[in-house]
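Colleague: Dumping the structure here so I can ask a few things about it.
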Amino acid sequence: MALTAFEKGKLKIAAHIREELDRAGISFESIHCRSGGIQTHRDTARLIVTVEGAARHIDLNAAEVEECESIVAGETWRKIARFIERLRHPT
């Protein structure tokens with residue numbers, strides 16, 4: 001069974017976040033990518049990164065996730081870059 005563009009995008013984004021965290025020198029305990037369920041709409045991907053025991057998340061809508069099926073670029077890339085920056089300098 002083939003993965004949908006949404007599923008491929010979630011995998012690509014999770015891998016991209018892992019790579020960017022490593023590049024930024026941010027140690028993390030876990031990365032989760034969830035969609036559907038009680039806390040998120042089925043057309044939303046919630047990326048949860050745990051750093052120093054604190055879980056932080058970013059929500060991406062289906063269009064943002066699906067456009068990352070092949071490569072993370074454009075506005076979604078910038079949104080993730082801002083998220084990484086907030087992880088680097090928590091308030």
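The values are calculated or read from the model by the stated rules, or taken from the named source; none is laboratory data. Values in this document were obtained by computation on a predicted structure and should not be read as measured data. FYI the Cβ positions are ideal-geometry reconstructions off the backbone, even for glycines, and counts take in every protein chain you see. Protein only, heavy atoms only, side chains kept; ligands, DNA and RNA dropped before computing areas. Shrake-Rupley method; radii C 1.70, N 1.55, O 1.52, S 1.80 Å.
Colleague: E19 versus (1) open to solvent by less than 60 Å² (accessible area, probe 1.4 Å); (2) closer than 27 Å to T91 by Cβ: which is the lone unmet condition?
Modeller: (1)
Colleague: May I pose another question? Does A14 satisfy the criteria of being open to solvent by less than 40 Å² (accessible area, probe 1.4 Å), free of Cβ contacts under 8 Å to residues at least 60 places away in the same chain and either of a type in the set (A, V, I, L, M) or part of a loop (DSSP other than H, G, I, E, B) (or both)?
Modeller: So A14 fits the description; yes.
Colleague: I'm trying to understand the selection: among the residues of segment 1-11, which are among the aliphatic types (A, V, I, L, M) and open to solvent by less than 70 Å² (accessible area, probe 1.4 Å)?
Modeller: Within segment 1-11, just A5 meets the criteria.
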